[in-house]
Amino acid sequence: MPHSIGRVETGEAPHPSGRARLPRLPRLPRLARAVRLGAPAVAALLALTTACTGSTVQGRPGASGLRDPYFPKAGNGGYEVDHYGLDLSYDPEKGLLQGKAVITARAEQGLSSFNLDFSGLKVEAVTVQGAGARFNRTGNELTVRPAKDLRNGEVFRTEVRYGGRPKALSDPDGSAEGWIPVADGAFAVGEPVGSMTWFPGNHHPSDKAAYDITLTVPKGYEAVSNGLLGSRTDTGDGRTAFAWHSADPVASYLVTAAVGKFRVTTGRTPSGLPLYTAVSPGEPEGGGPALARLPEMVEWAAGRFGPYPFAAAGAIVAPSETLSYALETQTRPVFSGAPDEELVLHELAHQWFGNSVSPKSWKDMWLNEGFATYAEWLWSEDHGGPSVQRRFDAFVAGDDSVDPAADSDWDEFPPAAPPGPGDISSGPVYYRGAMVLHRIRQEVGDERFFALLRGWVADHRHGNASTADFTAYAERKTGTDLSRVWDAWLYGRKALPRP
Ligand code: ARG
Ligand code: ZN
């Protein structure tokens with residue numbers, strides 16, 4: 001479907017993205033009003049005073065979404081998650097998942113209720129701070145009402161027991177995502193919103209958390225997730241439990257689980273980073289020749305972008321053509337069949353750009369895809385491919401003899417303003433996003449450009465950033481006014497300069 005650049009250009013200025021928060025209640029003016037209102041209001045005043053002195057807690061409902069410009073209902077207001085403990089058991093024959101999610105979060109307001117994003121599956125029981133909690137569901141929102149309101153600042157533990165046959169969902173660009181069953185196992189990918197099909201949570205990239213994921217599967221199956229494998233235990237009832245640990249924060253779209261009769265290879269990169277790669281039966285040994293270069297790529301990327309941001313690396317190779325897309329799931333990207341070299345490099349580059357520095361909103365996707373694409377161009381230039389300059393020129397000229405995507409729709413909309421949620425993963429976000437970076441490099445020169453890339457990941461390590469954060473950072477770091485680049489290439493407020 002063609003997009004009109006004109007329509008995009010008339011859109012508002014770049015939104016100052018960030019975690020949308022609800023305005024706080026104006027407490028004092030209300031009290032003052034109550035005083036003026038006389039007798040019936042005095043009771044209300046007393047109740048409020050009690051609340052303020054803390055002898056009882058008075059909460060209000062947390063927001064049901066974070067008002068992301070593209071996915072307004074994704075995530076929830078009123079709390080932030082520190083840790084997810086997911087205990088999942090999967091029966092690949094029946095396609096049945098049984099789960100317990102223990103979510104440790106901190107209240108950011110007094111809470112009478114709060115939401116989790118969750119799609120499908122049956123919720124069996126919910127407790128908050130050990131006490132039974134009421135809950136109800138509308139759409140993809142699971143509303144939890146704790147027995148006792150939660151105080152602002154309180155760290156609280158929610159336990160959700162659930163189960164059933166997980167159902168993938170179709171995201172706005174038509175990709176199937178979430179829990180994807182295959183003949184002999186399952187794979188979970190969730191960019192942007194699929195993760196809510198297999199665990200309840202605060203499913204927005206602005207709320208990253210640590211994870212412990214235990215997957216219990218019948219003997220003979222392997223189960224793989226993010227981070228480090230802490231233990232592999234025979235449960236004694238014909239099953240094996242795999243306990244995976246991610247200490248560094250993970251955005252929930254980057255969490256994965258894979259179950260299959262995998263061939264697993266382990267090893268280390270030259271600098272000692274542990275590698276764990278799981279390959280589906282029928283796919284080439286080790287995931288093929290491109291994946292064999294992963295250790296070398298990790299070293300190369302660390303040289304370009306700074307230290308690898310996580311404690312492990314590797315890959316998961318699903319049977320070819322079973323997934324709608326490859327995904328840079330944290331520490332362990334998922335591929336649909338043996339990937340080629342540029343794809344391996346692309347998902348690896350996301351570990352810096354997207355996973356360590358994550359977008360504040362889904363509008364900031366070019367900070368992921370433009371950078372990962374540019375990393376592919378850099379790798380290719382260093383390994384016998386066309387120079388980055390030549391590739392950039394080929395895009396401008398629409399010359400697909402240098403890059404097959406060069407005559408794509410890369411200029412149909414500006415990368416910082418996809419026309420809708422179905423376009424956050426479209427060509428312009430990737431290719432024109434990469435071209436934005438090259439335009440910066442042309443303006444500031446190599447030395448300042450690579451210092452900018454390294455500074456960006458170092459200063460936002462394990463955090464979140466928006467497009468506005470990047471443009472401000474780039475100008476500060478390079479000491480250069482880059483407004484012409486932003487206007488023409490990033491936001492599209494001016495026509496693209498053509499040769
Ligand atoms: N981030 C993935 C990649 O470029 C692609 C995810 C696409 N998601 C989608 N819903 N189309 O590596
Ligand atoms: Zn990507």
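The values are calculated or read from the model by the stated rules, or taken from the named source; none is laboratory data. Every value quoted in this text rests on a predicted model; they were computed, and no experiment measured them. Here the Cβ positions follow ideal geometry from the backbone for every residue, glycine too, while neighbour counts run over all protein chains shown. Surface areas here come from the heavy atoms of the whole protein model, side chains and all, with no ligands, DNA or RNA. Shrake-Rupley method; radii C 1.70, N 1.55, O 1.52, S 1.80 Å.
Give me a count of the residues in segment 474-499 that are open to solvent by 80 Å² or more (accessible area, probe 1.4 Å) and either outside any loop (DSSP other than H, G, I, E, B) or over 16 Å from ASP411 (Cβ atoms) (or both). Talk me through it step by step, then tell me what you get.
Kept after step one, since they are open to solvent by 80 Å² or more (accessible area, probe 1.4 Å), are these residues of segment 474-499: 476-477, 481, 484, 493-495, 498-499.
From what is left, the residues that are either outside any loop (DSSP other than H, G, I, E, B) or over 16 Å from ASP411 (Cβ atoms) (or both) are 476-477, 481, 484.
Final tally of qualifying residues: 4.
Matching residues to (1) open to solvent by less than 10 Å² (accessible area, probe 1.4 Å); (2) touching a Leu at 6+ places or on another chain (Cβ under 6 Å); (3) within 16 Å of ligand 1 (Cβ to nearest atom); (4) farther than 21 Å from MET365 by Cβ:
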residue	(1), (2), (3), (4)
VAL155	no, no, no, yes
GLY174	no, no, yes, no
ALA186	yes, no, no, yes
VAL193	no, no, yes, no
ALA210	no, no, no, yes
LYS219	no, no, no, yes
GLU222	no, no, no, yes
SER225	yes, no, no, yes
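Take segment 59-77 and flag every residue that is over 19 Å from ASN464 (Cα atoms) and either of a type in the set (Gly, Ala, Ser) or open to solvent by less than 10 Å² (accessible area, probe 1.4 Å) (or both).
Those that are over 19 Å from ASN464 (Cα atoms) and either of a type in the set (Gly, Ala, Ser) or open to solvent by less than 10 Å² (accessible area, probe 1.4 Å) (or both): GLY59, GLY62, ALA63, SER64.
Please specify each residue of segment 275-290 satisfying the condition of being in contact with a Gly (Cβ under 8 Å, 6 or more places away or on another chain) and crowded, with 16+ Cβ neighbours inside 10 Å. Walk me through it before giving the result.
Initially, segment 275-290 is screened for residues in contact with a Gly (Cβ under 8 Å, 6 or more places away or on another chain), giving 275-281, 283.
Within segment 275-290, LEU275, TYR276, THR277, ALA278, VAL279, SER280, GLU283 meet the criteria.
Kindly evaluate GLU381 against the criterion of being acidic (Asp, Glu) and either closer than 22 Å to LEU343 by Cα or at pLDDT below 95 (or both).
On the way: acidic (Asp, Glu): yes; either closer than 22 Å to LEU343 by Cα or at pLDDT below 95 (or both): yes.
Considered against the rule, which asks whether it is acidic (Asp, Glu) and either closer than 22 Å to LEU343 by Cα or at pLDDT below 95 (or both), GLU381 comes out as yes.
Output the residue which, of all residues in segment 395-420 that are under 29 Å from TYR253 (Cβ atoms) and out of contact with any helix residue (DSSP H, G or I) (no Cβ under 7 Å at 6 or more places or on another chain), is farthest from ligand 1 (Cβ to nearest atom).
PRO404
Would you tally the residues in segment 374-394 being hydroxyl-bearing (Ser, Thr, Tyr) and surrounded by 24 or more Cβ atoms within 10 Å (Cβ to Cβ)?
In the first step, residues of segment 374-394 are kept if they are hydroxyl-bearing (Ser, Thr, Tyr); the result is 374, 380, 387.
If we keep only those that are surrounded by 24 or more Cβ atoms within 10 Å (Cβ to Cβ) as well, we get 374.
Of the residues in that region, 1 qualify.
Scan segment 131-152 residue by residue and report those that are open to solvent by 90 Å² or more (accessible area, probe 1.4 Å) and touching a residue at least 40 places away in the same chain (Cβ under 8 Å).
Hits for segment 131-152 are LYS148, ARG151, ASN152.
Considering only segment 157-166, I want to know if a residue exists there that is farther than 19 Å from TYR84 by Cα, open to solvent by 20 Å² or more (accessible area, probe 1.4 Å), not in a strand (DSSP E or B) and not small (Gly, Ala, Ser).
yes
Out of GLU381, GLU369, GLU376, which single residue is of a type in the set (D, E, K, R) and closer than 23 Å to GLY463 by Cβ?
Values: GLU381 fails: closer than 23 Å to GLY463 by Cβ; GLU376 fails: closer than 23 Å to GLY463 by Cβ.
Step by step, each of GLU381, GLU369, GLU376 is checked, and only GLU369 is of a type in the set (D, E, K, R) and closer than 23 Å to GLY463 by Cβ.
Can you tell me which of (1) among the polar types (S, T, N, Q); (2) in contact (Cβ under 8 Å) with a residue 24 or more places away in the chain; (3) not in a loop (DSSP other than H, G, I, E, B) is the one GLN109 doesn't meet?
(3)
Which residues, taken from segment 126-147, are under 28 Å from the mean Cα position of the chain (by Cα) and part of a strand (DSSP E or B)?
VAL126, THR127, VAL128, PHE135, ASN136, ARG137, THR138, GLU141, LEU142, THR143, VAL144, ARG145
If VAL457 meets every condition in (1) in contact (Cβ under 8 Å) with a residue 24 or more places away in the chain; (2) in a loop (DSSP other than H, G, I, E, B) apart from one, which number is that one?
Going through (1) in contact (Cβ under 8 Å) with a residue 24 or more places away in the chain; (2) in a loop (DSSP other than H, G, I, E, B) one by one, VAL457 breaks only (2).
Being farther than 20 Å from GLN389 by Cα and out of contact with any helix residue (DSSP H, G or I) (no Cβ under 9 Å at 6 or more places or on another chain) is the filter here, so list the residues in segment 422-457 that pass it.
Once the filter is applied, which keeps residues that are farther than 20 Å from GLN389 by Cα and out of contact with any helix residue (DSSP H, G or I) (no Cβ under 9 Å at 6 or more places or on another chain), segment 422-457 yields GLY422, SER426.
Yes or no: segment 315-322 includes at least one residue that is within 17 Å of GLU296 (Cβ to Cβ) and either modelled with pLDDT under 95 or more than 13 Å from ligand 1 (Cβ to nearest atom) (or both).
Residues of segment 315-322 within 17 Å of GLU296 (Cβ to Cβ): 315.
With either modelled with pLDDT under 95 or more than 13 Å from ligand 1 (Cβ to nearest atom) (or both) added as a condition, the list becomes none.
Taking every residue of segment 315-322 in turn, none turns out to be within 17 Å of GLU296 (Cβ to Cβ) and either modelled with pLDDT under 95 or more than 13 Å from ligand 1 (Cβ to nearest atom) (or both).
For segment 186-210, how many residues meet the condition of being part of a loop (DSSP other than H, G, I, E, B) and either in contact with a Gly (Cβ under 7 Å, 6 or more places away or on another chain) or modelled with pLDDT under 95 (or both)? Break it down into steps so the answer makes sense when it comes.
Keep residues of segment 186-210 that are part of a loop (DSSP other than H, G, I, E, B), which gives 190-193, 198-200, 202-208.
If we keep only those that are either in contact with a Gly (Cβ under 7 Å, 6 or more places away or on another chain) or modelled with pLDDT under 95 (or both) too, we end up with 190, 198-199, 202-204, 206-207.
Total satisfying the criteria: 8.
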